[in-house]
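The block underneath contains the structure these notes are about, expressed in structure tokens.
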Amino acid sequence: MNTHTQRKIEQTLKTTEVLTGITIAELKGKSRKVPIPFARSVVFKSLREFTDLSWSQIGAVLNRDHATAIHNCRNVFPHSQDLHLFRQLYLTIEDLYTETEKYEEFNDVETLKNRLSNAHTTINILKEQVKRIKLQTKEYEDHEKKYRELPAHKQQLFKERVNAILKMI
């Protein structure tokens, strides 16, 4: 199991402990006294949804077998979501994983180098586009200046020709 997954497990257990007041030892213990099974089911479901752990590995986190983990996710978890505290616990863990994953990609130096390189490439492309737009703007300004220098009757003739071309399009 990698350190990233281990960190997710620890975050899930600690968040469950803080929000429910149920200790990690109680989660790993044998008690079936409500609300402990509901908290366990949220931990099982969270680990299944947000990690790549197998059912056996998920069960082992709370000293259970794979069948217990599956049973909790399929049968106990839906009942736990009827209670506001456990629904909120699951949503908090989901948010925690989502926020963590947003920033995890920045931990890899190679990823950062690639992103920086891509950003430089994009900046250079944008600079070239700005140069082209400036050239086009300059040409437009030159044409407009020449148009303004034309006598009124030639400006009128120019407008008529442009309108005729536009009608053909």
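The table below gives the values:
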| item | result |
| --- | --- |
| Entirely in segment 60-132, the helices (runs of 4 or more DSSP H) that have 3 or more residues that are assigned by TED's automatic domain parsing to the domain that holds residue 48, farther than 25 Å from residue 25 by Cβ and modelled with pLDDT under 90 | 84-104 |
| Residues of segment 17-32 classified as in contact with a helix residue (DSSP H, G or I) (Cβ under 9 Å, 6 or more places away or on another chain) and of a type in the set (D, E, K, R), total | 3 |
| One residue from 2, 63, 72 being on the phi > 0 side of the Ramachandran plot and among the polar types (S, T, N, Q) | 63 |
| Candidate set from segment 31-59 (those that are of a type outside the set (Val, Ile, Thr), touching a residue at least 40 places away in the same chain (Cβ under 8 Å) and not in a helix (DSSP H, G or I)); member that is farthest from residue 3 (Cα to Cα) | 35 |
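The values are calculated or read from the model by the stated rules, or taken from the named source; none is laboratory data. Just so it is clear, the model here is predicted, and its values are computed rather than measured. Methodologically, a virtual Cβ is constructed for each residue, glycine included, from the backbone with ideal geometry; neighbour enumeration extends over all protein chains shown.
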